[in-house]
Amino acid sequence: MEIYQNDASEWVATAVAYNVSATGRTEKEALARVMEALAQHFKTRAST
């Protein structure tokens, strides 16, 4: 997991191993969004 603040002052969280990223206004929001994105990623992969 990588998390950083970009030039637009948004927090970006990336699950590097799965190439899934999400942004948020706070670090906590970005982490929550990337967790949701990962859940969707795994759900989609399980159904294919």
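Each value in this text was obtained by applying a stated rule to the coordinates, not by laboratory testing. Note that this is a predicted model, so its numbers are computed, not measured. Using ideal geometry, Cβ is built from the backbone for each residue, glycine included, and neighbour counts are taken over all protein chains shown.
Annotations
- As a length-normalised measure over Cα pairs under 8 Å and 6 or more apart, the relative contact order of the chain settles at 26 percent.
- Helical runs assigned H by DSSP (4 residues or longer) give the chain a calculated mean residue ellipticity at 222 nm of -14500 deg cm²/dmol, each run adding -39500 (n - 2.57) before division by the residue total.
- Loop-located trypsin sites (Lys or Arg not before Pro) in segment 1-40 (DSSP state not H, G, I, E or B) with no more than 14 neighbouring Cβ atoms inside 10 Å: 25.
- Calculated translational diffusion coefficient of the chain (10 °C, 1.306 mPa s; Stokes-Einstein with Kirkwood radius over alpha-carbon pairs) equals 148 µm²/s.
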